[in-house]
């Protein structure tokens, strides 16, 4: 089975009905289901993120979940210039100088975590340690990194239910509240809850999946910045972005001169499910516009993720540390009902251990 097919199993395991619906509607590019709009088309995806006013605190959106995580205040819930200032401040912290400051922290965790190679290593708890240590440094959290990571994973999993179709009962709401309270209690500033959730969950989802893809596709001799960008496009660790329109807008579905180009009406309060996975053409081996597709996994315009440089640097260091061992996957189990598609367990062994096993046999 190919690396893509095995990764698709992981992708579908987290929320099978939702992702089956998204896959079935992909050929339609833009689909309205009542007050919900599914956006698969890359051009429409970018236009909505760059030109449509969005309600950052609406129920069922990432921002709305973040507001409840933080007890009413989040890193980016300010309006106007305050919002832009907050984003600029974080972007500077996660820029080249910020990445250089954080890099020794995760490199030390990687070195210690892979010390057992070529013997067996489970990359999932290692990814949690990397994510937790980075998030602790970003938020100045004094908690144990693994404790913060586990709390952020639990909070995200409960919050993710708000983005899914169907009614949410009181028990689920109570679990989400308790998970949010546990996370907030660990942080010096509750407003950093969303930052911790994003930093931890994308890392824990991306690193093991990328390693498994490299192992199964035989890419260990090809690790480079270009491969890192392409793996992030193929994996799309955050496969969809739930948003809500804050005003009416007209979107042009399709590029100038394209066949079938038409206007599409977005109404105020429409729920917009922006499928980053399809905007990045993750379902294709190659993208029509590689540069735009590589950026799509991180959003667009003023709504682009400021942590893109950090994500690329962290994945590059992780794969570079693994590459000399040419690890292969020995045991793998996909996670179920997590916020983002990922592994619950991914045990790898280095090439030397593999050769010894063959000799002993």
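Just a few scattered comments:
- Residues that are over 19 Å from the mean Cα position of the chain (by Cα), part of a helix (DSSP H, G or I) and either under 25 Å from residue 9 (Cα atoms) or at pLDDT 95 or above (or both) within region 187-225 comprise 215, 216, 217, 220, 221, 222, listed in sequence order.
- Number of residues in region 308-332 that are outside any strand (DSSP E or B) and closer than 13 Å to residue 218 by Cα: the value is 7.
- Scanning region 334-361 for residues that are touching a helix residue (DSSP H, G or I) at 6+ places or on another chain (Cβ under 7 Å), at pLDDT below 95 and surrounded by fewer than 20 Cβ atoms within 10 Å (Cβ to Cβ) yields 336, 337, 351.
- In the set (1) modelled with pLDDT of 60 or more; (2) outside any loop (DSSP other than H, G, I, E, B); (3) more than 22 Å from residue 311 (Cβ to Cβ), the condition left unmet by residue 59 is number (2).
- If you go through region 270-291 and keep only what is surrounded by 18 or more Cβ atoms within 10 Å (Cβ to Cβ) and farther than 13 Å from residue 49 by Cα, you end up with 270, 271, 277, 278, 280, 281, 282, 287.
- From the options 241, 231, residue that is under 19 Å from residue 328 (Cα atoms), in contact with a helix residue (DSSP H, G or I) (Cβ under 7 Å, 6 or more places away or on another chain) and in contact (Cβ under 8 Å) with a residue 40 or more places away in the chain: 231
- Test: residue 127 is outside any loop (DSSP other than H, G, I, E, B) and touching a residue at least 40 places away in the same chain (Cβ under 8 Å): yes
- When residues of region 109-124 are limited to those that are part of a helix (DSSP H, G or I) and in contact (Cβ under 8 Å) with a residue 24 or more places away in the chain, the one farthest from the chain's Cα centre (by Cα): 111
- Residues being at pLDDT 85 or above, over 12 Å from residue 39 (Cα atoms) and not in a loop (DSSP other than H, G, I, E, B) - total across region 251-280: 1
- Test result for residue 301, touching a helix residue (DSSP H, G or I) at 6+ places or on another chain (Cβ under 6 Å), surrounded by fewer than 19 Cβ atoms within 10 Å (Cβ to Cβ) and modelled with pLDDT under 90: yes
- Region 16-43, residues that are part of a helix (DSSP H, G or I), out of contact with any helix residue (DSSP H, G or I) (no Cβ under 6 Å at 6 or more places or on another chain) and surrounded by 12 or more Cβ atoms within 10 Å (Cβ to Cβ): 16, 18, 21, 22, 23, 25, 43
The values are calculated or read from the model by the stated rules, or taken from the named source; none is laboratory data. Source: prediction; values computed, not measured. Here the Cβ is made from the backbone with ideal geometry for all residues, glycine too, and neighbour counts use every protein chain on show.
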